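For reference, the structure discussed in these notes is given below.
The values are calculated or read from the model by the stated rules, or taken from the named source; none is laboratory data. Please read these numbers as outputs of a predicted model, since none were measured by experiment. Neighbour counts are summed over all protein chains in view; Cβ atoms, including those assigned to glycine, are modelled from backbone coordinates with ideal geometry. Surface areas here come from the heavy atoms of the whole protein model, side chains and all, with no ligands, DNA or RNA. Shrake-Rupley method; radii C 1.70, N 1.55, O 1.52, S 1.80 Å.
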Amino acid sequence: MENIIKDIDIIAPDEAQACDFKTTVEENTGKSKKIYIESYGCQMNFSDSEIVASIMKENGFDTTSDFEQADVIFLNTCSIREKAEQTVRKRLSQFNTVKKNKPELTIGVLGCMAERLKDKLLEEEKIVDVVVGPDAYRDLPNLVASAEDGNKGVNTFLSREETYADISPVRLNSNGVSAFISIMRGCDNMCSFCVVPFTRGRERSRDPHSIVKEAQDLFEKGYKEVTLLGQNVDSYKWSPEENNKARLNKKEEVVSKVVNFAHLLEMVAKISPQLRVRFSTSHPKDITDEVLYTMKKYDNICKYIHLPVQSGNSRVLELMNRTYDRDWYLDRVKAIREILGEECGISSDMIAGFCTETEEEHQDTLSIMDIVKYDFSYMFFYSERPGTLAAKKFEDDIPLDVKKRRLAEIIEKQASLSMERNKLDVGKIQEILIEGTSKRSEEQLKGRNSANKVVIIPNNGLKAGDYATVKITDCSSATLFGEVVS
Ligand code: SAM
Ligand code: SF4
């Protein structure tokens, strides 16, 4: 999955490593106040910041890229690993000086860390004025106004229905070609290592008509690619009467209709053959053949699946409460290969050194990588998170140096697999979507193929948003190189 999490525990190809956070851009539409938002963590968080920017714009704020010019600073935070929270705390201490020189400045902490720590955050971080969880962003203008009058505020209410379906996100840091659309919120899985169900609440699916409308609007503005986002997109399930997954499952017989993920994919794919459709993340227990056949049916649905395995060992998977085992996972990969072929990109997330993991079990992770041959992976060592099932039930007993050594072995394996997979592309003719000039040189253009791999070609005057048919001539483990053939 593109740019999913960015802290130092992650190793990912291409620009996913390039920056730790994203910020708002400079915009002057004559509004009286300025807001600066810094967003950490996963793509869901970056999408949430676009919703926050939209809400604040409606309430008298322009965005700025310079925090020194801001009246309000928001940090949209991540709790997934300890490192992510430490980064935010460090950043808050840097903002201390800014606030000393400008006491009227309002500082807010949003997102998962806000939800996890609630009013404790106000006690621990004195410069923070507002603490707002992922489901309470509509309350931000009130809380900020109240903070301007000297009252600190916290809203970490977790909703069972909120999807912000009616809010049109302000695109931040966009290349004008690809955009992310949030299709659901929360997560009903209880992976034992994961804090997300506690910070993002119960799973809800967004009205498919509002999703199609957002994608259509983007296409009309010149965007050529949308990525449908959710913690577990294959579990998407919506009915006009009920959007909460758990409740909908109980009354499926009485609702007028149900839209599942395969239906939604088809609805978005039909907007135009010129609009590419991607999605992330797929949970191995939920991805269905129906979804794979829908991908096959539409050329504009990109042939790429982020299918995190976490571990290649069935006992560890059970401790992780992933609800599938090694054989189930390999069966899903077999279905992908049978229905979509060898060229379909598959990527993964891996956790090294989960509680009680033995050397043999770690070897199972390396061996499953060899079998699946991932195109790339996001790789982490286990970081215990307070309140999770694993923190309550298991001892975090693998020493840090062992976790890091196992992670290094996983990373080394992935580097050689990425090279092996990329070499298979050399000599092939592929369609790419141009995203702009390459970071290295204006003389080169950067595009992406269907399998989500970056392809660099000589700059022949094509523009961002153009499609090109290229022949792949060379590769590294992270990048393909090609030339235009038509
Ligand atoms: N919903 C997605 C799924 O189930 O595949 C994953 C979302 S999570 C935000 C992204 C990744 O972070 C996970 O797949 C996992 O590999 C990693 N992760 C989550 N909790 C972690 C922890 N406590 N320590 C290390 N890595 C963790
Ligand atoms: Fe976390 Fe598991 Fe939900 Fe992914 S599926 S967000 S890893 S609980």
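Taking the stated definitions as given, is L417 outside the structural domain of R276 (by the TED database), open to solvent by less than 20 Å² (accessible area, probe 1.4 Å), away from ligand 1 (no atom under 14 Å from the Cβ) and hydrophobic (A, V, I, L, M, F, W, C)?
For L417, the condition - outside the structural domain of R276 (by the TED database), open to solvent by less than 20 Å² (accessible area, probe 1.4 Å), away from ligand 1 (no atom under 14 Å from the Cβ) and hydrophobic (A, V, I, L, M, F, W, C) - is not met.
At positive phi and open to solvent by less than 30 Å² (accessible area, probe 1.4 Å): does that describe Y164?
Yes, satisfied.
Condition check: open to solvent by less than 10 Å² (accessible area, probe 1.4 Å) and at negative phi. Does Y382 satisfy that?
Numbers: open to solvent by less than 10 Å² (accessible area, probe 1.4 Å): yes; at negative phi: yes.
So Y382 passes the test.
Please list, ordered by first then second residue, the pairs with beta carbon atoms under 8 Å, 6 or more apart or interchain, first in region 303-328 and farther than 16 Å from F376 by Cα, second among the polar types (S, T, N, Q) and open to solvent by 40 Å² or more (accessible area, probe 1.4 Å).
Qualifying pairs under 8 Å: V316/T356; L319/T356; D325/S314; R326/S314; D327/S314.
Of the residues D234, D217, only one is acidic (D, E), part of a helix (DSSP H, G or I) and over 19 Å from the mean Cα position of the chain (by Cα); which?
D217
Please list, ordered by residue number, the strands (runs of 3 or more DSSP E) wholly in region 117-211 having 2 or more residues that are over 17 Å from the mean Cα position of the chain (by Cα).
Details: elements: 130-132, 153-155, 178-182.
Once the strands (runs of 3 or more DSSP E) in region 117-211 are filtered for at least 2 residues that are over 17 Å from the mean Cα position of the chain (by Cα), what remains is 130-132, 153-155.
Applying the selection to region 296-320, what residues are among the β-branched types (V, I, T) and more than 10 Å from ligand 1 (Cβ to nearest atom)?
Selection gives I301, I305, V316.
Any idea which of (1) open to solvent by 40 Å² or more (accessible area, probe 1.4 Å); (2) on the phi < 0 side of the Ramachandran plot; (3) away from ligand 1 (no atom under 16 Å from the Cβ) is the one N173 doesn't satisfy?
(2)
Residues are listed down the side, and each one gets a yes or a no for (1) small (G, A, S); (2) farther than 21 Å from V109 by Cβ; (3) in the same structural domain as D349 (by the TED database):
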{"residue": "T163", "(1), (2), (3)": "no, yes, no"}
{"residue": "N173", "(1), (2), (3)": "no, no, no"}
{"residue": "G186", "(1), (2), (3)": "yes, no, yes"}
{"residue": "C194", "(1), (2), (3)": "no, no, yes"}
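Within region 316-375, which residues are of a type in the set (A, V, I, L, M), assigned to a helix (DSSP H, G or I) and closer than 25 Å to I398 by Cα? Please lay out each step first, then the result.
First, the residues of region 316-375 that are of a type in the set (A, V, I, L, M): 316-317, 319-320, 330, 333, 335-336, 339-340, 346, 350-352, 366, 368-369, 371-372.
Retained after the next criterion (residues that are assigned to a helix (DSSP H, G or I)): 316-317, 319, 330, 333, 335-336, 339-340, 366, 368-369, 371-372.
The answer is V316, L317, L319, L366, I368, M369.
I'm checking my understanding of the structure. Among residues of region 388-399 that are part of a loop (DSSP other than H, G, I, E, B) and within 11 Å of ligand 1 (Cβ to nearest atom), which one is nearest to T199 (Cα to Cα)?
Our first condition is that a residue be part of a loop (DSSP other than H, G, I, E, B); within region 388-399, this holds for 388, 394-399.
Keeping just the survivors that are within 11 Å of ligand 1 (Cβ to nearest atom) gives 388, 396.
Working: T388: 11, D396: 21 Å.
For region 388-399, the residue satisfying everything is T388.
So how many residues does region 123-149 have that are under 29 Å from M184 (Cα atoms) and open to solvent by 50 Å² or more (accessible area, probe 1.4 Å)?
Counting residues in region 123-149 that are under 29 Å from M184 (Cα atoms) and open to solvent by 50 Å² or more (accessible area, probe 1.4 Å) gives 2.
S441 is checked against (1) within 27 Å of S174 (Cβ to Cβ); (2) among the hydroxyl-bearing types (S, T, Y); (3) in contact with a strand residue (DSSP E or B) (Cβ under 6 Å, 6 or more places away or on another chain) and fails just one. What number does that condition carry?
Going through the list (1) within 27 Å of S174 (Cβ to Cβ); (2) among the hydroxyl-bearing types (S, T, Y); (3) in contact with a strand residue (DSSP E or B) (Cβ under 6 Å, 6 or more places away or on another chain), S441 breaks only (3).
Going by what's in this entry, would F261 be described as outside the structural domain of N45 (by the TED database), open to solvent by 40 Å² or more (accessible area, probe 1.4 Å) and either touching a residue at least 24 places away in the same chain (Cβ under 8 Å) or not β-branched (V, I, T) (or both)?
No, not satisfied.
Away from ligand 1 (no atom under 16 Å from the Cβ) and open to solvent by less than 10 Å² (accessible area, probe 1.4 Å): does that describe N244?
Numbers: away from ligand 1 (no atom under 16 Å from the Cβ): yes; open to solvent by less than 10 Å² (accessible area, probe 1.4 Å): yes.
Yes; evaluated as a whole, the condition is true for this residue.
Looking at F193, F180, can you tell me which residue is within 13 Å of ligand 1 (Cβ to nearest atom) and buried (at least 21 other Cβ atoms within 10 Å of the Cβ)?
F193 is the lone residue from the list that is within 13 Å of ligand 1 (Cβ to nearest atom) and buried (at least 21 other Cβ atoms within 10 Å of the Cβ).
Could you tell me whether region 269-283 includes any residue that is within 16 Å of ligand 1 (Cβ to nearest atom), of a type in the set (S, T, N, Q), assigned to a loop (DSSP other than H, G, I, E, B) and surrounded by 15 or more Cβ atoms within 10 Å (Cβ to Cβ)?
There is at least one residue in region 269-283 that is within 16 Å of ligand 1 (Cβ to nearest atom), of a type in the set (S, T, N, Q), assigned to a loop (DSSP other than H, G, I, E, B) and surrounded by 15 or more Cβ atoms within 10 Å (Cβ to Cβ).
Restricting attention to region 199-222, and to residues there that are buried (at least 19 other Cβ atoms within 10 Å of the Cβ) and under 26 Å from V109 (Cβ atoms), which single residue is farthest from ligand 1 (Cβ to nearest atom)?
R206
Go over the candidates E431, E443, E435, E361 one by one and state the one that is of a type outside the set (A, V, I, L, M), touching a residue at least 24 places away in the same chain (Cβ under 8 Å) and surrounded by fewer than 17 Cβ atoms within 10 Å (Cβ to Cβ).
E431
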